Amino acid sequence: MPERSRAVRAQAPSSTDTVESAPPVRPLHDAELDALLDEIDAVLEPDAEEFVRGYVQKGGE
Amino acid sequence: MAVPKVCGIETEFGIAARGADLGPMAASSMLVLAYAGGLEQVGWDFASERPGADVRGFDVSDHAYAPIEPHLVNTVLTNGARFYVDHAHPEYSSPECRDAMEVVTWDRAGEEVVRSAMSRAASALPVGSELVVYKNNTDGKGNSYGCHENYLLDRGIPFASVVRGATPHLVTRQVFCGAGKVGSEAGSSVEFQISQRSDFIEEEVGLETTIRRPIVNTRDEPHADPTLWRRLHVILGDANMSETATLLKVGTTAIVLAMIEDGALPDGVELEDPVTAIRIISADPTLTATVRLARGGRISALDLQRRILVAARSWAARYGLESVGGDGVGTCVLDAWDAVLESLGGDQSLAARTVDWVAKRRIIDAHCARHGHHPTSPSARAIDLQYHDLRPDRGLAPRAGLLPVADPGAVARAVASPPRSTRAFLRGSVIARWPAAVLSCNWDGMVVALDGDRTERIVLDDPLAWNEECSAGILAGCATTEDLVRSVGARRPGDR
């Protein structure tokens, strides 16, 4: 391995100062899922089904 | 020892104009210009780009690639990122980051850049019309656009070892970083699959990114000193809305690449037919399908991931986690990897808080059950698309119960500020300080204006050398770009 990289690694502090492990995960309750579905019904575009049919992109990259 | 896994993500976004008659190129240009309107537009320096250079030793630039169009809309931001138009898509390329948590932070910052650009563009369009941007990878009709990752590799490791070592992970990691998709664009009858991109991956190894897309891309364009480093360009990933999924996608891949460099990957996980395996795994949300191993026998994606994780724990104990950013972020990735494999193999409702395809599938299934729709109905496809909608008032992913991992304050700062840990710090700082004097940029250099119509290219071919620690003192001592050129030129990385 090049010497240079070793020197670099020693002086490479992270920009995100502290990284904490996430707290334990719990699933959503049924009531939460119901509320989520209500919200989705509210924010879905009125023309969503028609729009998704017409959504055509050029290939990228 | 593994070299530092400097890394970043390039995201091509889907775009549509609602209520206005704008094609994708015009819409993309308008979006980027709307954001750049308040900034000096920094051009891109194509002098060191070699998209046709192949690690296998040839160069197809002369006969296979269209000329690059330098007139396209381009800007380089004070956070070190590039925000520009790539053909018919807006693209945000994150600054170089030192670890996976930084990538999450600057990837999220990119979403905020796009939201801001959409909002500014709307004010320039007739009332009732707007540009809508989607952070996904397909239009559902056979057209795909990419979310590419980049990782710094030691030039001394044979590329064949990288391909052999990385492929089993790249094929199976979709179980936790797939973004999910209704239906298939490759003629399969699957109702819901794990990955957006799996339908489009057709080769094991290759140079292409737009046709016959490969699992491992061979573009040999390190954007750094080519005698020391390679850049692995990973093109098969999905763009993620879940921050945990981005953390895992980049964090686990950085670990696997460091393990390759340290010779610490487990034996016997090579797949007989990786391209077929990608599709089999993507088409099976039950995660019970098995794929054939090269040395015989079959294995599920989850079991293969478990084997890599066990080896990663042993590697970390022996070599430490410095190469992937240190104990804090490295342990966070290993623990999240453990947790996601456990929940995917057990209670999938837990994974709905962290894994995009599980979160998306749950709301599509529940929505279809509530309204009596078929799982591939236009209504299901509409939710699939709107999951990735970046408008704050319309996007479904932020409403799907996903758990954040990045510090929101850090994300807000990252919209304007570069990572402190890489050369992006110098790039972003110079653009912030002398916006009119930066004539063009590339990842490994920038051209600045000096007195009397002279220009100079500053070479930054060490991805880590011009971090805050190295650059802050130099910048503080510079009053002009003349000083900058003199100071940076006098302190080339090799002199350290």
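The values are calculated or read from the model by the stated rules, or taken from the named source; none is laboratory data. Keep in mind that what you see is a predicted model, and the values were worked out from it rather than measured. Cβ coordinates were reconstructed from backbone atoms using ideal geometry, including for glycine residues, and neighbour counts include every protein chain displayed. For accessibility, only protein heavy atoms count, side chains too; no ligands or nucleic acids. Shrake-Rupley method; radii C 1.70, N 1.55, O 1.52, S 1.80 Å.
The table that follows gives values for the structure above.
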{"read-out": "From the options B:Val133, B:Val104, B:Val113, residue that is within 26 Å of B:Ile194 (Cβ to Cβ) and touching a strand residue (DSSP E or B) at 6+ places or on another chain (Cβ under 8 Å)", "value": "B:Val133"}
{"read-out": "The stretch B:286-300, subset exposed (fewer than 14 other Cβ atoms within 10 Å of the Cβ) and either of a type in the set (S, T, N, Q) or in contact with a helix residue (DSSP H, G or I) (Cβ under 8 Å, 6 or more places away or on another chain) (or both), residue nearest to B:Val182 (Cα to Cα)", "value": "B:Thr286"}
{"read-out": "Within the stretch B:313-353, tally of residues that are outside any helix (DSSP H, G or I) and either more than 24 Å from B:Val6 (Cα to Cα) or of a type in the set (D, E, K, R) (or both)", "value": "4"}
{"read-out": "Tally of residues being open to solvent by 30 Å² or more (accessible area, probe 1.4 Å) and not in a loop (DSSP other than H, G, I, E, B) across the stretch B:96-153", "value": "8"}
{"read-out": "Single residue of the stretch B:175-229 satisfying the filter (among the hydrophobic types (A, V, I, L, M, F, W, C) and open to solvent by 40 Å² or more (accessible area, probe 1.4 Å)) that is farthest from B:Leu257 (Cα to Cα)", "value": "B:Ala186"}
{"read-out": "Enumeration of residues in the stretch B:365-393 that are under 22 Å from B:Glu12 (Cβ atoms) and free of Cβ contacts under 8 Å to residues at least 12 places away in the same chain", "value": "B:Ala382, B:Gln386"}
{"read-out": "Residue satisfying condition, being touching a strand residue (DSSP E or B) at 6+ places or on another chain (Cβ under 8 Å) and touching a residue at least 24 places away in the same chain (Cβ under 8 Å), within set B:Pro404, B:Pro463, B:Pro418", "value": "B:Pro463"}
{"read-out": "Selected residue [open to solvent by 70 Å² or more (accessible area, probe 1.4 Å), over 20 Å from the mean Cα position of the chain (by Cα), of a type in the set (Asp, Glu) and at pLDDT below 55] from A:Asp17, A:Asp34, A:Asp30, A:Asp38", "value": "A:Asp17"}
{"read-out": "Scope the stretch A:44-61; condition part of a helix (DSSP H, G or I), open to solvent by 80 Å² or more (accessible area, probe 1.4 Å) and within 7 Å of chain B (Cβ to nearest Cβ); matching residues", "value": "A:Arg53"}
{"read-out": "Pair list, Cβ under 8 Å, 6 or more apart: the stretch B:283-306 residue outside the structural domain of B:Val340 (by TED's automatic domain parsing), other residue open to solvent by less than 20 Å² (accessible area, probe 1.4 Å)", "value": "none"}
{"read-out": "Cross-chain or 6+ apart pairs with Cβ under 8 Å, the stretch A:30-50 first and under 21 Å from B:Pro392 (Cβ atoms), then open to solvent by 80 Å² or more (accessible area, probe 1.4 Å) and in a helix (DSSP H, G or I)", "value": "A:Leu37/B:Arg370"}
{"read-out": "Those helices (runs of 4 or more DSSP H) lying entirely in the stretch B:379-479 with at least 2 residues open to solvent by 20 Å² or more (accessible area, probe 1.4 Å) and over 19 Å from B:Thr105 (Cα atoms)", "value": "B:424-433, B:468-476"}
{"read-out": "Residue list for the stretch B:234-285, restricted to those being polar (S, T, N, Q) and open to solvent by 10 Å² or more (accessible area, probe 1.4 Å)", "value": "B:Thr244, B:Thr276"}
{"read-out": "Number of positions in the stretch B:75-95 that are aliphatic (A, V, I, L, M) and assigned to a strand (DSSP E or B)", "value": "2"}
{"read-out": "Residue match in the stretch B:414-428 (condition: under 22 Å from B:Val132 (Cα atoms) and modelled with pLDDT of 95 or more)", "value": "yes"}
{"read-out": "Residues within the stretch B:366-378 that are open to solvent by less than 50 Å² (accessible area, probe 1.4 Å) and at the interface with chain A (Cβ under 7 Å from one of its Cβ atoms), tallied", "value": "3"}
{"read-out": "Candidate set from the stretch B:4-38 (those that are among the acidic types (Asp, Glu) and within 11 Å of another protein chain (Cβ to nearest Cβ)); member that is nearest to B:Asn137 (Cα to Cα)", "value": "B:Glu12"}
{"read-out": "Some residue of the stretch B:325-340 being open to solvent by 10 Å² or more (accessible area, probe 1.4 Å) and modelled with pLDDT under 95", "value": "no"}
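For (1) of a type in the set (A, V, I, L, M, F, W, C); (2) at pLDDT 95 or above, each residue gets a yes or a no:
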position	(1), (2)
B:Pro408	no, yes
B:Val430	yes, yes
B:Val459	yes, no
B:Ala465	yes, no
B:Glu468	no, yes
B:Cys478	yes, yes
B:Val488	yes, no
